[in-house]
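Q: What follows is a single structure, and I will ask about it in a moment.
The values are calculated or read from the model by the stated rules, or taken from the named source; none is laboratory data. None of these values were measured; they are calculated from a predicted model. Glycine gets a Cβ as well: all are built from the backbone with ideal geometry, and neighbour counts include every protein chain shown.
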Amino acid sequence: MDSVTLPLLEQAINYWRNVSPSVGDECRLCPEAAALATPYALMIMAHRREIPAAELGDKARAALDGWAAAAGR
């Protein structure tokens with residue numbers, strides 16, 4: 001995967017939220033969804049619909065790769 005789009009991140013975040021729902025009184029996201037939420041928020045704030053996959057941190061990349069493997073992408 002060379003680039004990552006907002007809809008792709010949304011799908012991956014929703015996948016991880018379904019696999020591991022929020023917990024605690026603060027409704028904390030699972031580590032995978034939280035790792036993807038940061039680049040998602042930064043993209044929205046910067047009005048970017050797509051970023052190079054290389055811009056993702058290690059945890060976000062691992063979460064995205066885990067989702068892609070589970071989704072057969």
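Q: Pairs under 6 Å by beta carbon, first residue closer than 14 Å to R61 by Cα in region 1-23, partner assigned to a strand (DSSP E or B), six or more apart or different chains?
A: As it stands, the answer is S3/E50; S3/P52; V4/I51; T5/E50, since those pairs meet every condition given.
Q: Restricting attention to region 44-73, report how many residues are part of a loop (DSSP other than H, G, I, E, B), out of contact with any strand residue (DSSP E or B) (no Cβ under 9 Å at 6 or more places or on another chain) and under 16 Å from I13 (Cβ atoms).
A: Residues that pass the stated criteria total 2.
Q: Continuing with this model, one more query. Which residues, taken from region 1-24, are of a type in the set (A, V, I, L, M, F, W, C) and either under 13 Å from the mean Cα position of the chain (by Cα) or outside any loop (DSSP other than H, G, I, E, B) (or both)?
A: Across region 1-24, the qualifying residues are V4, L6, L8, L9, A12, I13, W16, V19, V23.
Q: Applying the selection to region 1-30, what residues are under 13 Å from G66 (Cβ atoms) and either modelled with pLDDT of 95 or more or hydroxyl-bearing (S, T, Y) (or both)?
A: The answer is Q11, A12, I13, Y15, W16, S20.
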